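Beneath this line is the structure, given in structure tokens, with notes to follow.
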Amino acid sequence: MMTGYRIQLLGTFQCFYNDKPFERMLTTRQQLLFAYFLLHPDIPINRKHLAFMFWPDTSEPQALTNLRKLIYDLRKCLPISDTFLEMNGSQITWHSLEQCSVDALDFNQMAESVEIADLKRAIASYQGELLPGHDEEWVLELREKLSFQYAVLLKRIITICENKRDFHSALDYSIRYLHLDRYSESAHVRVANLYACNHNLSAAYRQFEEMKTMLSKELGVLPSVDTMEKFNQLSTIARSATVRENKMQVPFVGREHEWNRLLECWDKAMRDRSMLVVLDGEAGIGKTRLAEEFGFWAQIQGIRVYTSFCYSSDSIPIPHEPLVSWLEQADLQHMDTAGLVEMSRMLPKLKEQYPELPPPAPLSENWQIRIWHQANLDALSGGKSTILILNDLQWVDKETLHLLSFFLRPEHSSALMMICTLRTGEGFMPDHVREFIDAHRYQNKLAQIGIPFLSKQETKLLAASLHQSKWIAAEIAQLYEETQGNPLYIGEVVRSIQFNTRHESYGTTILYLMIHRLAMLPPSYHPHVHLLTILGKPAPIPFLTGNADLPDQAADHIEALIQSRILSVTDHGMVDFYHKRMREASMLRMNRSVRLAWHQVAAKAMMQHENERYFTFAEIAYQLENAGLHLEATEYYMKAIEEAKRVCAHDTIIEYGSSALRAANPEQKFKLLSSMAHAYRMTGRWLDMENTYRILLQQSEHAVPLELKTMYEVGLANCLRLQGKYLEALDYLEKCLHRFELLNDSKGLAETCGNLGLIHQYLGNFEVAARFLQQNIELNPEGSENERFIVILGNLLYDQDRFEESIHTFKRQIQLASERHNRIDLAKALGGIGLNFLETQQFDRAYTSFCEKLEVSRLLGDRMGMAISIGLIGKWHMKVGFYQEAHDCLLYCLDEALRIGDMRVVGIMLGLIGHTFGERDKENEALWILQQAEHVTEYLNVPFFVCDTYYYRAYFELKRKRWQEAEVYIDRALNLSAKLNRSKLHEALSSFLILCQNKTEDSIVLRTIKHVETAPVIPNEASSHSRTFAELQESITALRAQKHF
């Protein structure tokens, strides 16, 4: 029983004292005056103010008289009024004491709380508007304020309930909010969504019809297009809710901290436009469950959500497989014809839906690949906030990561968050996955959330929900000890106890528990389990039932397996194992002979016409290969390679080619090796490229025409050149030249002359190089110039400081490469023209050219091309005086060159890095690096690079007033620059020599002028790269030991 006043002003006016109504009823004016006192506690109120407010049309003396009478009457009605009401001359004060509770004030106080219980009590206390029936100005003002606060509170608690996945409470509060603002379309949409979340789709559609009718009758309008679109998504939300209810019979226990982290990440994605979240933990810990729960929550908010999986490396990698899965879930109605054409690259079924759709053009230009990437993103997001869920990131293919990096750029009109699950504790994470994660970590676009084991209390809650029995403390302790709080393990152990299937000999290992469950299945169920195991991924139900003798019986078996939680139905209507570990358990039960037999069954079934749309050529080839049908597998691998070429999937081409070579015939081998050689070139694996050409030469000794064999030798010479083996490459090319002359093969002669020109340019034999390049041009018919060798001519002119002529040549190459869709030579031309712009101090144009080269190389998947682009950007920063930024870029390029084995780039980068160390006054590091640059460039014997290295060493010594050492390197560099016709460098070195001989330092000569005030942002790859000087020393020392110099 409450002692004192309890006053209700919301919804009605009621007064209680000691839980009993007042003995005397208050008049209307008494109610208003009492309410005014209550709502302004502890504030002295002037009598004149009250008198004017209650009697504005009466004279002041009369109004004051009326007020005295009203206060007198009110005090007679209020029990112990003197305790609360204080009158001091012209001031009246109502004191707030514990013995007086006012619902409006209590509501206001509780609404500001952070405790959910207080918020719920606040909402419960709001029984209606303030002082209904009164329209005084001060009442209206307070009423509107409280009503607004109530609406804000309702929105707040609805969001809290949704975030906690309490959809029943969220629905109740949403209906309350709708009563406040019945014309709000967004409020109707939220109520309908929550009905769908509570599996009441009919109520959701009824809500829509009621809103539509109300808006039409009362306002004469129809719902907005956005509202119509959201109601069209109701079926998706309801379907997700049903799948979630059927699939996730295990309750979602714990994870409050991780859930809140996800909410914070989404807020960041809304601000920054893109965010990568990685949920990591061991198998069965609940990563996928957490991601799916969050995705379901996001759907309720009107966010587009797409879910996909990567599959074990034990099966064949399919490039862009997650993208295909996402696109199959997307509604493409908003896409125009051009967008649908781009989508048809990955979704061939679109051609059936749109027969008049033209075929997509080859991805031969950087802008075409950019358009394709953007079209994929537009198809998924449609300009709306989007969440992409990718499970098992550890198995993702490299091509998909390139696309995901494009998706995660910040230049979006709407928010995009990518949630990836990553299994830890089971082996080595692939380099490309680690690099992907690290790159986004350094860009501050990554949140890595570790999923911990459940606590003992959470284990108890989960066990109790799975098995409705009273668990004693000792049983929970034993369960927790056996499972360590892993939800999957808890579920399997509890299930084995519940159905009395646990066997002591199996111990507590989860795989043994699952193996035992599979062993207990009836024999007629095994074919479905075996087939799904061999496939390695979800399969459509018609595929599984179509391969059975009795399809109807097979469908019943599959349904029974789903009910027993061996299998489950995915969101996309496919059948898969309930958990990935169940597939592992099934595989352990199959011996080699059984697996071989089921690979044959799977392969034959996949090749049936009606099943081809479910599987790729690569998947069919993989099954054929494992079934021992190698000849058939090779044919499908070659088809898969052609598919991979269309989307520049170089790593995939190499993997498919390696598998297909085992049983390929000579003609097929030549095609495969040629495709693999190009892919090795684009991924920077030049030693593998060399070995591939040597295999080609060995196998083509008597099997191919002499012209083709000689072209293979030209290809081998290119591999050797890329590795810095210039003399060996020159030997091969001279033999090829002689052979093509005997064969009178003008095409082969042109190719060989061009390559000879390139190597002689490297060796500083500019006249010989120019002669060979001129021969190349003359051997090509007019209009069919080889743009690859035009770039060599441009480089030759650049090396001799003939910058205007070089720029003109590179412009011609850019034009030809663009016309012929030759992205490789386009990238080279952009780099070459950028260097000329840099030397002629056209800094903006130089920087733009280098960035364009980086973009083209990145889209090509050309690893060394990307590294060189970043190195050029580093050289640009060095030229304009930003040495730290230059150092980061140059170091990244050096590291990539060391990994790939490009000695030429290693030598160049060492010289530039040594110079940046020197400019940052790191004398010891600079000297050591410059010494290594000297060793490498002298080993390569490329005069141009040796000359540059001597220049940087001379500059270093001169700046430190070590005159004797400086003069030695100046003399060396002067001799080489004269031989190479490098007039600009020769002039600079001559001024250095004068300074050295006079033993004076001229700050004007040595000072670097900053032509740019602020350094632009360096590429992400360089900003996320880190290598200590000690690590660099170790790598260079190892290189010298390997190369013996």
* To do: Give the long-range amide H neighbours of E282: residues separated by 5 or more places, or on another chain, with amide H under 5 Å away, using H modelled in the peptide plane at 1.01 Å from N.
  => T424
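Rounded to whole Å and sorted largest first, what semi-axes of the equivalent ellipsoid does the C-alpha gyration tensor of region 1-77 yield via the square root of 5 times each eigenvalue?
Values: eigenvalues 132, 33, 24 Å².
Semi-axes from the Cα gyration tensor: 26, 13, 11 Å.
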* Structure fact -> Sorted by chain and then number, the residues having a modelled amide H within less than 5 Å of the amide H of N391, at least 5 places away or on another chain, are S308, F309, C310, T421
* Asked: Against the longest alpha carbon principal axis of the chain, how many degrees, from 0 to 90 and to the nearest 10, is the axis of helix 706-722 turned?
  -> 70 degrees
* How far is helix 256-272 tilted off the main Cα axis of the chain, in degrees rounded to 10, range 0 to 90? -> 70 degrees
* Give the dimensionless ratio obtained when the Cα radius of gyration of region 248-450 is divided by 2.2 N^0.38 Å. => 1.03
* Structure fact -> Listed with the fewest Cβ neighbours within 10 Å leading, L518, L672, L393, L588 appear as L588, L518, L672, L393
* Starting from the Cα-Cα distance between I695 and E328, subtract it from 0.36 nm times their residue separation and give me the gain in nm to one decimal. => 128.0 nm
* Once the Cα atoms of helix 60-77 and of the chain are each reduced to a long axis, what angle between those two axes, in degrees from 0 to 90 to the nearest 10, is obtained? -> 80 degrees
* To do: In whole Hz, with x marking every Gly and Pro, tabulate ³J(HN,Hα) for region 815-830 from phi via Karplus 6.51 cos²θ - 1.76 cosθ + 1.60, θ = phi - 60°.
  => 5, 5, 5, 5, 4, 9, 6, 9, 6, 4, 6, 4, 4, 5, 5, 5
* Structure fact -> Listed with the fewest Cβ neighbours within 10 Å leading, Y892, Y693, Y578 appear as Y578, Y693, Y892
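Expressed as a rounded percentage, what relative contact order does region 391-481 have, with Cα pairs under 8 Å and six or more residues apart?
With pairs under 8 Å counted, the relative contact order is 27 percent.
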* To do: Report the antiparallel proportion of the DSSP beta bridges in the chain as a percent, rounded to a multiple of 5.
  => 40 percent
* Among [x] 1.18; [y] 1.36; [z] 1.09, the entry derived from the coordinates for Rg/Rh (Cα atoms, Kirkwood Rh) -> [z]
* Structure fact -> Once I541 and S59 are pulled to full extension, the length gained, defined as 0.36 nm per residue separation minus their Cα-Cα distance, is 164.7 nm
* Structure fact -> Fewest-first ordering of M87, M866, M574 by Cβ atoms within 10 Å yields M87, M574, M866
* Normalized C-alpha radius of gyration of region 13-143, against 2.2 N^0.38 Å? -> 1.12
* Asked: Using only helices, what value at 222 nm comes out for the chain when you add -39,500 (n - 2.57) per DSSP H run of length 4 or more and divide by the total residues, to the nearest 500 deg cm²/dmol?
  -> -20500 deg cm²/dmol
* Two-decimal Rg to Rh for region 892-997 - Kirkwood Rh, Cα set -> 0.98
* To do: For region 321-329, take each phi angle, set θ = phi - 60°, evaluate the Karplus expression 6.51 cos²θ - 1.76 cosθ + 1.60, and give the result in whole Hz per residue in order, putting x for glycine and proline.
  => 4, x, 4, 4, 4, 4, 5, 5, 8
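Since every read-out is calculated from the coordinates, none of them should be taken as a lab result. All figures in this text were calculated on a predicted structure; none of them were measured in a lab. When we count neighbours, we look across all protein chains shown, and the Cβ atoms used for this are built from the backbone with ideal geometry, even at glycine.
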